[in-house]
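Reviewing the structure listed below.
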Amino acid sequence: MEKPMINLIIAGHVDHGKSTLVGRLFEDLNLVSKAEKDKAERDAKDLGKETFRYAFVMDTSLEERRRGLTIELGFKAFETQNRRFNIIDAPGHSDFVKNMITGAAEADAGVLVVDAQDTLEKIMPQTKEHAILMLTLGVDQLIVFINKMDLVSYSKDAFETVKGRIKEFLSSLGFSKMENIMYIPGSAFHGENVSRPSSKMDWYKGPTFLEALDTLEEPPRPVDRPFRMPVLRTFTSRGMGKIIVAGKVESGEVKEGDTIQVVPYGGTGKVLSIEWQHKRLAKAEPGFDVGLALSGAVNKREIKKGYMVCKTGELSQMADQFKARVMAWNRYLGTGYCPLIHCHQAVVPVQVMKVESTFDISTGEVLSGNVEGIQPGQGGIVWIKPLKPLVIEKASEFPRLSRFALRDGVTTVAAGVCVEIMPKKEEKKK
């Protein structure tokens with residue numbers, strides 16, 4: 001029987017040890033070649049960042065290694081005893097949160113990496129923002145790895161304090177599966193509770209990080225729904241000279257020989273081949289990050305990130321406006337406000353057109369109707385107008401493609417789901 005496949009995002013505040021955790025896990029699983037290991041150690045030493053030697057397994061670009069930051073998304077695949085994983089290492093620095101949103105949109109489950117020493121004082125800003133974004137974008141399985149326990153002398157009291165603080169925050173967000181969240185104390189750099197139990201924390205009786213990963217469940221895959229794949233990127237294959245459209249299949253399935261259409265671009269093409277993790281597939285189902293090699297009237301320059309790949313005859317609709325249930329986090333959301341929407345892979349400007357009502361986030365109680373805006377900490381029912389082409393789906397039909405975040409500059413100001421769509425009318429050709 002084939003192992004379940006899970007897309008896993010590793011998130012958290014800058015310098016809390018996300019890439020180090022993944023790098024250490026990969027070394028423990030013997031997934032890092034001696035040449036890669038030697039180069040990572042050599043580069044870390046040359047840059048005066050010896051503690052980054054495991055992180056450099058994931059942070060491979062020169063800029064990332066010089067700055068000690070994950071900037072782009074890192075994608076790695078591996079298997080455990082019971083699962084297959086596509087692991088996404090997301091940037092933690094506030095300047096690169098837009099890349100993190102891309103990762104969260106791809107993920108089935110998440111790991112929130114938290115620095116034990118830092119979080120004894122308070123929860124860091126990107127820890128909060130990443131948790132909010134993961135929840136908003138549909139990540140409902142979570143492991144909290146409380147890292148750098150060596151800096152707090154592997155103290156049980158310190159672990160319980162940090163765990164309590166994170167638990168209270170996640171509860172305030174309305175995380176639906178609080179009882180299933182696993183909290184693991186460890187030290188990624190020293191390998192404590194990564195793939196083997198820690199003798200320095202014998203007070204902890206729970207699973208290691210690797211054991212916890214092996215318990216994550218593959219989410220339901222909507223194979224019987226129309227085919228939807230948001231475009232992540234496009235490129236031309238070296239060998240074939242064909243256009244490759246890459247993304248994660250969210251619903252339905254696609255097979256070699258199928259005819260697809262890209263919305264809103266409109267170009268159609270035939271699927272010549274399907275590539276996944278350097279393997280050729282006969283078909284791809286939800287959860288697979290694939291590249292579709294296409295033939296036909298498809299122009300790579302016309303296909304933008306966030307466009308939707310569909311099968312002909314079951315196309316997504318363009319939204320002229322859509323009705324959404326939103327939660328405001330950091331600022332007032334008033335009529336006329338124009339933030340950026342991040343929805344699956346799409347990022348476009350939008351305008352708040354109307355606020356139908358506001359409600360209490362914790363109770364759902366309606367506070368007022370037909371108001372001018374939503375106060376921070378409140379929820380609301382709003383009509384939003386995309387100012388550039390946007391494909392968004394209703395939560396009742398395609399839950400993962402209905403979720404979005406609203407951002408202003410480097411700040412996430414709101415999050416929500418689409419509940420109704422006013423389709424864009426086709427423009428008559430002159």
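Applying 1/(1 + (r/R0)^6) with R0 = 35 Å to the Cβ-Cβ distance of SER357 and GLU217, what FRET efficiency is obtained, to the nearest 0.05?
So the FRET efficiency works out to roughly 0.50.
Once Rh is set to the Kirkwood radius over Cα pairs, what Stokes-Einstein translational diffusion coefficient, in µm²/s, holds for region 319-423 at a temperature of 37 °C and a viscosity of 0.692 mPa s?
It diffuses with D of about 247 µm²/s by this estimate.
Can you put LEU151, LEU333, LEU170 in order, fewest other beta carbons within 10 Å first?
LEU151, LEU170, LEU333
FRET efficiency for ALA282 and GLU2, Cβ-Cβ distance as r, R0 = 22 Å, nearest 0.05?
So the FRET efficiency works out to roughly 0.95.
Sort 302-312, 371-381 by packing, meaning the average of other beta carbons within 10 Å per residue, with the highest value first.
302-312, 371-381
For TYR332 and LYS167, compute 0.36 nm times the residue count separating them, minus their Cα-Cα distance, and round to one decimal in nm.
Stretched fully, the TYR332-LYS167 segment lengthens by 56.7 nm.
Magnitude of the Cβ-charge dipole of region 162-312, K/R +1 and D/E -1, about the Cα centre, nearest 20 debye?
Using only the charged Cβ atoms, the result is roughly 640 debye.
Roughly how compact is region 161-241, stated as its Cα Rg over 2.2 N^0.38 Å to two decimals?
Relative to the 2.2 N^0.38 Å estimate, region 161-241 comes out at 1.70.
Near HIS16, within a Cβ-to-Cβ distance under 9 Å, what is the net charge of the other residues, with Lys and Arg +1 and Asp and Glu -1?
-1
Just add up the charged neighbours of THR234: K/R +1, D/E -1, any other residue whose Cβ is under 10 Å from the Cβ of THR234.
Once all neighbours under 10 Å are counted, the net charge is +4.
Among ASP202, ASP320, ASP150, which comes first, second and so on when ranked by fewest other beta-carbon atoms within 10 Å?
Fewest-to-most Cβ neighbours within 10 Å comes out as ASP202, ASP320, ASP150.
In Å, what is the Rg of the alpha-carbon atoms in region 198-256, and how long is Dmax?
20.1, 58
Could you tell me which of the pairs LYS394/LYS424; LYS270/LYS425; LYS385/LYS424 are separated by over 18 angstrom between their Cα atoms in the structure shown?
LYS270/LYS425
Stokes-Einstein diffusion coefficient for region 300-361 at 4 °C in a medium of 1.567 mPa s, Rh from the Kirkwood formula over Cα pairs: what value in µm²/s?
The diffusion coefficient I find is 90 µm²/s.
Going by C-beta contacts inside 10 Å, put LYS248, LYS388 in order with the fewest on the left.
LYS388, LYS248
Would you mind pulling out the separation of the Cα centroids of region 294-319 and region 192-216, in Å?
45
Please compute the length gained on full extension between ARG84 and GLN317, using 0.36 nm multiplied by the number of residues separating them and subtracting their Cα-Cα distance.
80.5 nm
Every read-out reported here was derived from the displayed coordinates using simple, explicitly stated rules and does not represent laboratory data. In this text, all values refer to a predicted model and were calculated from it rather than measured experimentally. Glycine gets a Cβ as well: all are built from the backbone with ideal geometry, and neighbour counts include every protein chain shown.
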